[in-house]
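Every read-out reported here was derived from the displayed coordinates using simple, explicitly stated rules and does not represent laboratory data. A quick note: this is a predicted structure, and the numbers were derived from the prediction, not measured. Here Cβ is always computed from backbone atoms with ideal geometry, including for glycine, and neighbour counts include all displayed protein chains.
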Amino acid sequence: MKRISLLRPLAVAFAGALLLFATGCRTSSVDTIQRAEPRAQPTVVEDERIATDRSLGRIVEVRSVNEAMVNNDLLRVQVELRNTRRALQRFNYQFEWFDEEGMLIQQATTPWRALQVEGGEIVTISGVAPNSRVVDFRLKLMTSVR
Amino acid sequence: METKSNRNSTRFLLRLLTPFGLGLLVLTASTGCRSAGYVDPGGPRTIVTLDDINIQDWNEAADRMIDSLLISGVLDRAPEQPSVMAVSRIVNNTSIQVDTNMLTGKIRRDLNQSGKVLTTTTIGLGGAEDPLAEDERMYQEFLEDRPTEQRRPYFTLSGRIMEDQVRAGRTRQTTYIFQLAMTEVSSGLAVWEDEVQITKQGTRSAIGW
């Protein structure tokens, strides 16, 4: 009698997963070229980081956090991120804004934004304070929920 | 003692059930088997569809437009602060029916809260948005027998929403293009223009992004 192997369905599933990985998740790392000594003199923000997702910390590197004023009254924050992996990664981020008394400014639109970063790519995300009362910000970063 | 026939039957059953089990597991994972609940409309757990402009698309388009408008500084150049803005025509050139207030409403509210712009609700395309306010103003003019000091819009906001659909095999890609322009009424010049493109790709709708 022909012997039935239980490993066969698993082998097929593994091969399928491998095929999916090979065709659907091709890595394409980004090389970056920039001025050796940048002329820009950004105002660097001393930041505090509260990391709860270790894997996110390994995937994304926060290179710098800068701030500037828009038209002398609106705070603008710019954060430079780098995908440390070779494969494309998807993140979501959201800026929150606080006034002098530390109160959160509620806006009509404070949505999370999707961000996809190619392997090794450096991206810059920025946010503009909704009004001139804003003095502080908070950036929230998470991996894609899918 | 287990017979050869019994062992074969067990193996046959396992062979039959393993793909079903795996299939069920995948189905459960993909659909979630969830009953209705609330999600944050501004959060990343909303539904993504290919044939509609979803709430997160409106939010992102509005948010990026507001950032661009505030950074441009054009609002600060108006002689009278805060300046007055009226919403003009937003043309929908997509294949779906949308309420363009989903875009302009958010922009209006956030600009208003920025303290840089006030929106008039008595001057608008095709008549006043708030007819009662307009009636009251006219009644006031009649009673006082002199024109009220109604501020005229310094800026108007107009725009267009377009779409681009392509397909490769079963994978579909839809891009929604939001174009907005701020016109200075006195000069008729578009003092600010921007475009936001939102592209979605996939074979079917999904929960979360």
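Each Lys and Arg contributes +1 and each Asp and Glu -1, all at the Cβ; summed about the Cα centre of the stretch A:66-139, the dipole is approximately 500 debye.
Remark: mean inter-chain Cβ contacts per residue of A:85-95 equal 1, using a 10 Å Cβ-Cβ cutoff to other protein chain atoms. Along the axis of the charge dipole computed for chain B (Cβ charges of +1 for Lys and Arg, -1 for Asp and Glu, origin at the Cα centre), the listed residues B:ALA133, B:TYR176, B:TYR38 are led at the positive end by B:TYR38. Ranked by the mean number of other Cβ atoms within 10 Å of their residues, highest first, the peptides B:64-70, B:160-166, B:107-113 come out as B:64-70, B:107-113, B:160-166.
For B:TRP192, the residues whose modelled amide H falls within less than 5 Å of its own, excluding neighbours fewer than 5 places apart on the same chain, are B:MET182. Screening chain B for whole DSSP H helices with an alpha carbon extent of at least 30 angstrom along the helix axis and a mean Kyte-Doolittle hydropathy of at least -0.5 yields B:4-31.
Over the stretch B:46-207, what is the mean sequence separation of C-alpha contacts under 8 Å (at least six apart), divided by residue count, expressed as relative contact order in percent? Show your work: numbers first, answer last.
Numbers: 258 pairs, mean separation 46.4, N = 162.
That works out to 29 percent.
Placing unit charges on the Cβ atoms of the charged side chains and taking the dipole of the stretch A:43-143 about its Cα centre, the candidate lying farthest along the positive direction among A:THR143, A:VAL77, A:SER132 is A:THR143. Taking the centroid of alpha carbons for each part, the stretch B:62-96 and the stretch A:66-84 are 21 Å apart.
Along the stretch A:132-146 the Karplus relation, 6.51 cos²θ - 1.76 cosθ + 1.60 evaluated at θ = phi - 60°, assigns HN-Hα couplings of 6, 7, 6, 10, 10, 9, 9, 10, 10, 9, 8, 6, 4, 6, 9 Hz to successive residues, with x for each Gly and Pro.
Rounding to the nearest 20 debye, state how big the charge dipole of chain B is about its Cα centre with +1 on each Lys and Arg Cβ and -1 on each Asp and Glu Cβ. Show your work: numbers first, answer last.
On the way: 23 positive and 27 negative charges, 416 e Å.
The dipole of chain B has a size of about 2000 debye.
Let me confirm one metric for peptide B:56-69, namely the mean number of other chain beta-carbon atoms within 10 Å of its residues' beta-carbons. Could the numbers behind the result be given before it?
Details: counts 4, 1, 2, 6, 5, 2, 3, 9, 2, 1, 5, 9, 1, 1.
Averaged over the peptide's residues, the number is 4.
For A:70-80, what's the mean count of beta carbons from other chains sitting within 10 Å of each residue's beta carbon? The shielding value for this peptide is 3.
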